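The values are calculated or read from the model by the stated rules, or taken from the named source; none is laboratory data. All of these numbers come straight from a predicted model, not from anything done at the bench. Neighbour counts run over all protein chains shown; Cβ positions are idealised from the backbone, glycine included.
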Amino acid sequence: MTLRINILRGQDQIGGSIIELSTETTRIILDAGANMGETRVHTFVPKIPGLFSGKPAYDAVFASHYHSDHMGLLRYVLPEIPIYMGRGAYDVACAMSAFKGRTLGFSPVLMKANVPVTVGDITVIPTPCDHSAYDSFMFLVKACGKTVLYSADFRSTGRMDFDKLLRDLPEVDALITEGTTLSRGPDFHEPSEKELEDFAVETLKDRKGPALVYLSAQNVERIVTAYNAARRTGRRFIMDELTAVVAEAAKLKIDGYVLRASHSLAELGEVVAASAGGGRHRTHRRKSGTFPAVSAGKAFSSNDFLLCVTPQSLINFRKVAQKTDFKDGVLFFARRETHMLQPAVSAFVALMESVGAIVPVLHTSGHADSNTIDRLIRDVRPSVIIPVHTELSNWFARYEDECQVIYECRDYEV
Ligand SMILES: [Zn+2]
Ligand SMILES: [Zn+2]
């Protein structure tokens, strides 16, 4: 019996990951991602018979985490094929979809961390790792006496103990690993979430004005960073509706408020309730029930707050910003700086600067740097490395003396 690996898509590009593992009797897919930049409306579905069309030829699809470059094609998977996803990841993904008045478009079987799932003669162990998505997994796959580790997207800079993860991982025959940041050069090194938290605390200590943090709500670890910074500086932690919905779905133990912006601001006559995605979701939106609501009037009555804003609340908040004194205030920019290139975002940043706020960047990558990838490789000592999710797979050539590196993985027998 043999175990085979076939990278169907996403080996020499970042995103759009589709990985096939098969034995004589069982075929599974790890991740079914959309290409980067593709939207829910405009998604290219590759022709993979038995997965997206025709008679089902796969026994299961496993999703490592909820980023669309890993699960964006799940709703196109033939309905007969079971989809496996982490419970926490599913809860957050569902909540975000419901907020926008949508459904995910598939019903997964829910996996628990470290609890093996056996499909035919292949066993998959979802192994928790740190990433900018909540409840992310690496997959440890065992079949035919072989062990394969698929790193999916991971990093060592979150609050999860990376040393412990390395201690727990066995040596493997094959390592399928991401290399997202390798194209950013050898000096690419990112701060940890804890360092971001400390930086935010130091920044807030010196300032008495209002504080905002612009973040992506699906980056749950960043919500925690912002919350800890607020708590350590005695500020009220206020979330916009989407951040609160995600914090609730991720069961974060935080002591915060949710700003009922679409109601209270409309009552104040300050804003037409509209999200950045357009007003069409307004009537369907899921709301959080866990956190006490605070009206805009109350929220902004004093400056001792840290407010989370997301693209979804930017339009609402822009109206408030024009009426609030931001002297000595802060807007933490907690997303990748390239997001500043978006017209709505750059306009918001410019507005905040014009009313007196400073705009420090509060961001770190969700991906492993080269040092972290080295540590993973040295720890699991693979006989073969299969780079994926990278634009610089040649970086792995440095391992060619120690093991095989497969740059184009088509039906490789482990
Ligand atoms: Zn990815
Ligand atoms: Zn990801």
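Does segment 138-152 contain at least one residue that is within 15 Å of ligand 2 (Cβ to nearest atom), in a loop (DSSP other than H, G, I, E, B), at positive phi and within 15 Å of the chain's Cα centre (by Cα)?
Pass one, segment 138-152, residues within 15 Å of ligand 2 (Cβ to nearest atom): 138-139, 150-152.
With the extra rule that they be in a loop (DSSP other than H, G, I, E, B), the set shrinks to 151-152.
Okay, now just the ones that are also at positive phi, so 152.
In the following step, the residues that additionally are within 15 Å of the chain's Cα centre (by Cα) were identified as 152.
Looking for residues that are within 15 Å of ligand 2 (Cβ to nearest atom), in a loop (DSSP other than H, G, I, E, B), at positive phi and within 15 Å of the chain's Cα centre (by Cα), one finds at least one in segment 138-152, hence yes.
Can you tell me which residues in segment 25-52 are over 17 Å from the mean Cα position of the chain (by Cα), over 13 Å from Leu78 (Cα atoms) and surrounded by fewer than 12 Cβ atoms within 10 Å (Cβ to Cβ)?
Matches in segment 25-52: Thr25, Val41, His42, Phe44.
Among (1) at pLDDT below 95; (2) within 22 Å of Leu376 (Cα to Cα); (3) buried (at least 17 other Cβ atoms within 10 Å of the Cβ); (4) in contact with a helix residue (DSSP H, G or I) (Cβ under 6 Å, 6 or more places away or on another chain), there is one condition Val172 misses while meeting the rest; what is its number?
Going through (1) at pLDDT below 95; (2) within 22 Å of Leu376 (Cα to Cα); (3) buried (at least 17 other Cβ atoms within 10 Å of the Cβ); (4) in contact with a helix residue (DSSP H, G or I) (Cβ under 6 Å, 6 or more places away or on another chain) one by one, Val172 breaks only (1).
Are there any pairs, at least 6 apart or on different chains, whose C-beta atoms fall under 8 Å, with the first in segment 84-105 and touching a residue at least 60 places away in the same chain (Cβ under 8 Å) and acidic (Asp, Glu) and the second surrounded by 17 or more Cβ atoms within 10 Å (Cβ to Cβ) and assigned to a helix (DSSP H, G or I), and if so, which?
As it stands, the answer is Asp91/Ala249, since those pairs meet every condition given.
With a cut-off of at least 2 residues that are away from ligand 1 (no atom under 15 Å from the Cβ) and farther than 20 Å from Val115 by Cβ, name the strands (runs of 3 or more DSSP E) lying wholly within segment 1-91. Reasoning before the result, please.
Working: elements: 4-9, 18-22, 27-32, 60-62, 83-86.
Here the list reads 4-9, 18-22.
Just to be sure, is Ala133 over 29 Å from Leu3 (Cα atoms), within 16 Å of ligand 1 (Cβ to nearest atom), in the same structural domain as Ser22 (by TED's automatic domain parsing) and not aromatic (Phe, Trp, Tyr)?
Details: over 29 Å from Leu3 (Cα atoms): yes; within 16 Å of ligand 1 (Cβ to nearest atom): yes; in the same structural domain as Ser22 (by TED's automatic domain parsing): yes; not aromatic (Phe, Trp, Tyr): yes.
When the stated conditions are applied, Ala133 passes them.
Kindly provide the set of residues from segment 83-123 that are of a type in the set (A, V, I, L, M) and modelled with pLDDT under 95, ordered by number. Can you show your working first?
Within segment 83-123, the first condition is being of a type in the set (A, V, I, L, M), and the residues that meet it are 83, 85, 89, 92-93, 95-96, 98, 104, 109-111, 113, 115, 117, 119, 122.
Hits for segment 83-123 are Ala95, Met96, Ala98, Leu104.
Hey, could you check segment 27-77 for residues that are within 22 Å of Ser97 (Cβ to Cβ) and charged (D, E, K, R) and say which is nearest to ligand 2 (Cβ to nearest atom)?
Residue satisfying both the conditions and the ranking: Asp69.
Taking segment 317-365, which residues are acidic (Asp, Glu) and more than 23 Å from the chain's Cα centre (by Cα)?
First, pick out the residues of segment 317-365 that are acidic (Asp, Glu): 325, 328, 337, 353.
Across segment 317-365, the qualifying residues are Asp325, Asp328, Glu353.
Every residue in segment 158-179 that is within 16 Å of ligand 2 (Cβ to nearest atom) and either farther than 25 Å from Asp198 by Cβ or among the small types (Gly, Ala, Ser) (or both), please.
Pass one, segment 158-179, residues within 16 Å of ligand 2 (Cβ to nearest atom): 158, 160, 176-179.
Matches in segment 158-179: Gly158, Ile176, Thr177, Glu178, Gly179.
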